[in-house]
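Structure first, commentary second.
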Amino acid sequence: MGDLHLGGIALKPLVVLGATGSIGSQTIEVAERLGIPIAAIAARHASPQLVELARALPDAEVCVVHRGDEAERLEQVAGDRLHFGSGSVTEAAAIKNATVVNGIVGSAGLPPSLSALYAGNRLALANKESLVSGGPLVRAALAEGEGELIPIDSEHSAVWQCLRGEDRDSVRRVVLTASGGPFRGRPFGSLHDVTVDEALDHPTWEMGRRITIDSATLMNKGFEVIEAHHLFDLAYDVIDVVVHPESVVHSMVEFVDGIVKAEVGFPDMRKPIQYAITEPDRAAVESEPFDLAGQSLTFEAVDIEEMPCLRLGYEAGRAGGTAPAVLNAADEIAVSAFLDGHIRFTDIAAVVANVLERHDVEEPDSVDHIAEVDEWARAQAELDVEALRA
Ligand code: MG
């Protein structure tokens, strides 16, 4: 497939990983809106939604990690286009001359990110684990391959856009905004008795269950601090966080002359997804007029001592190496134990802190190495969860 030229912008065919998830479906919407061909889609299971996608996209290769309930129907619909196994996803990410949108949730997102970068593709990245757990590997792939890495997350897309045309040495500080989640303004220590439903009630963004809990603890912001460190090659000391409940200012960059740039807009993930695909160009689409009249925007300082998950994010980031992979894996276990009603909301921070405490940081040298550390951290977190249930 050649490039599509849209109003002078050359757009490469898309490979959509995590095609049935929130980022994946919005990417397909963006692709339809812009008329960009989709070369491949990938998902974890053969689900009814994937069968529908395979039918709607008759030219796309279809990659599935596990067969799932709908495997036979998917075989009927996709025929020769269907490929099974995690290797098929990694191969799809290496399709020549493509833009790979990685919306996979979890550590399965790292190998295809590396594959896309080594193949010289553009990687439009929404998978957190790629940079949180595999930051050093992704940076090596970026340095050695001819690929490009463009972030999709609203905060990082904002910083990316603010930094366009700027000299990296002229950055004084980056400020990531955080909605603060449903418990904004309440100290973490006072949240012993909050319920799963209360924690899942995110005021501004519709997201998956884990990321919604991670937003409520501010662990998600800790991950984003680590991602910003890798994406923009910034020291942790110059990455700040401010609470901004309206989620209109997506993030800001302060320069050495005191001038501050921000990227603003009403929350809509299709915008940063589209930008990551068309960057450095912009494709015209219909959108709601941006009107701040009558709106008020508020900002609150974050007390890092009051928010232990954010503090752990900075600590793991500064420790570097395998520490952020441990942070992520322990958090995933702790969050699912909370969602299952096994531990309290406030125990999430305790579990993660304990596992990090027991970890000897190493420099990760391969995906397998990160997978080993990830497995170790999960097992350790399970032990802590068990101890808390007893
Ligand atoms: Mg975000």
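What follows is calculated from the coordinates using simple rules that are stated; it is not laboratory data. Worth saying up front: this structure is predicted, and the values here are computed from it rather than measured. Here the Cβ positions follow ideal geometry from the backbone for every residue, glycine too, while neighbour counts run over all protein chains shown.
A compact table of results
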{"quantity": "222 nm mean residue ellipticity, helices alone, for the chain (DSSP H n ≥ 4; -39,500 (n - 2.57); rounded to 500)", "calculated": "-13500 deg cm²/dmol"}
{"quantity": "Over the chain: Kirkwood hydrodynamic radius from C-alpha pairwise inverse distances, Å", "calculated": "21.5 Å"}
{"quantity": "Average Cα contact separation per residue, the chain, under 8 Å, 6 or more apart, as relative contact order %", "calculated": "15 percent"}
{"quantity": "Normalised contact order of segment 218-302, rounded percent, pairs of Cα under 8 Å and 6 or more residues apart", "calculated": "32 percent"}
{"quantity": "Amide proton proximity set for L82, modelled H, under 5 Å, gap of 5+", "calculated": "V62"}
{"quantity": "Centroid-to-centroid separation of segment 80-114 and segment 330-345 [C-alpha atoms, Å]", "calculated": "29 Å"}
{"quantity": "Amide H contacts of A124 (H built 1.01 Å from N, under 5 Å, at least 5 apart or other chain)", "calculated": "V100, V101, N102, I150"}
{"quantity": "Between segment 1-53 and segment 235-285, the Cα center-to-center distance that results, in Å", "calculated": "24 Å"}
{"quantity": "Phi to ³J(HN,Hα) by Karplus 6.51 cos²θ - 1.76 cosθ + 1.60 over segment 327-342, Hz, x for Gly, Pro", "calculated": "3, 5, 5, 5, 5, 4, 5, 5, 5, 6, 5, 5, 4, 7, x, 8"}
{"quantity": "Straight-distance crosslink candidates among aspartates and glutamates, where the alpha carbon sits under 13 Å from K96 and sequence neighbours closer than 8 are dropped", "calculated": "D3, E146"}
{"quantity": "For segment 330-380, alpha-carbon Rg over 2.2 N^0.38 Å", "calculated": "1.23"}
{"quantity": "Share, in percent, of DSSP beta bridges within the chain that are antiparallel, nearest 5", "calculated": "35 percent"}
{"quantity": "For segment 170-187, 3J(HN,Hα) per residue [Karplus equation, 6.51 cos²θ - 1.76 cosθ + 1.60, θ = phi - 60°, Hz, x = Gly/Pro]", "calculated": "8, 7, 8, 6, 10, 10, 8, 8, 10, 5, x, x, x, 9, 3, x, 9, x"}
{"quantity": "Mean Cα-pair separation over length for segment 212-356, i.e. relative contact order, pairs under 8 Å, 6 or more apart, %", "calculated": "28 percent"}
{"quantity": "By average C-beta atoms within 10 angstrom, highest first, the peptides 273-280, 289-296, 61-68, 152-159", "calculated": "152-159, 273-280, 61-68, 289-296"}
